[in-house]
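**Q** Pasting in a structure now, in structure tokens, and then I'll have a few things to ask.
Read the figures in this text as sums done on the coordinates, not as results from a lab. Everything numeric in this text was worked out from a predicted model, so none of it was measured. Neighbour counts run over all protein chains shown; Cβ positions are idealised from the backbone, glycine included.
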Amino acid sequence: MSRADGSAREERFRSLHRETYADLLRFVERRVPVTEAEDIVSTVFLTAWRRFDELPDDARPWLFAVARKTMANQTRGWLRRQALDVRLVSLEARDLSDDTVGAATRIDLESAWRELRPADREVLALVAFDGLTAEQAATVLGCRRSTFAMRLGRARQRLRAALEPAESVAPSSFRPHDFKEQQAWTQA
């Protein structure tokens, strides 16, 4: 390899690092303890440097996939399940005139988020938090775009369902003794 080739290679790698480091770090920090995140990102870039000639033109999803595999290799069993649990990004209380409404919204969203399966949270996070396209996210998960789109649609439906208030029970389904028990309990 000539000096010019080496210099161009190094500059491409530096450019890739500058463009993706912050996003990749956020991606990892939402999945593992913050104290481990930089080590994982370093491992990802070391892998990228070692496999530089194999990098695709759009290397961002490739890096996310390497990060995901690195996290999986470092966390097994209980730790692995915890690594897939995405902490919610702080919601800014924009355009909310009442802070209590904003707090209630955040609590409802966090509660609904926690009800989702880890696989649903992962699919939603790749798009909503990490800003990946469906094609890029499919690459990260190692599936086809159509498969990812189906998973994303289902995850969105489950999140919507978890956010909906509990359906009230229709009056016709009450039995008379249920009504008496409810009255006694509310008057106590």
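**Q** Among 51-63, 5-17, 21-33, how do they line up from the highest to the lowest mean number of other beta-carbon atoms within 10 Å?
**A** In decreasing order of mean packing, 51-63, 5-17, 21-33 become 21-33, 51-63, 5-17.
**Q** Sum up the charges of everything whose Cβ sits under 11 Å from the Cβ of A134, counting Lys and Arg as +1 and Asp and Glu as -1, but leave A134 out.
**A** Residues near A134 contribute +2 overall.
**Q** Can you give the extra length, in nm with one decimal, that the chain gains between E115 and Q74 once fully stretched, where that is 0.36 nm per residue apart less the Cα-Cα distance?
**A** Numbers: separation 41, 0.36 × 41 = 14.76 nm, distance 2.53 nm.
Separation in residues times 0.36 nm, less the Cα-Cα distance, equals 12.2 nm.
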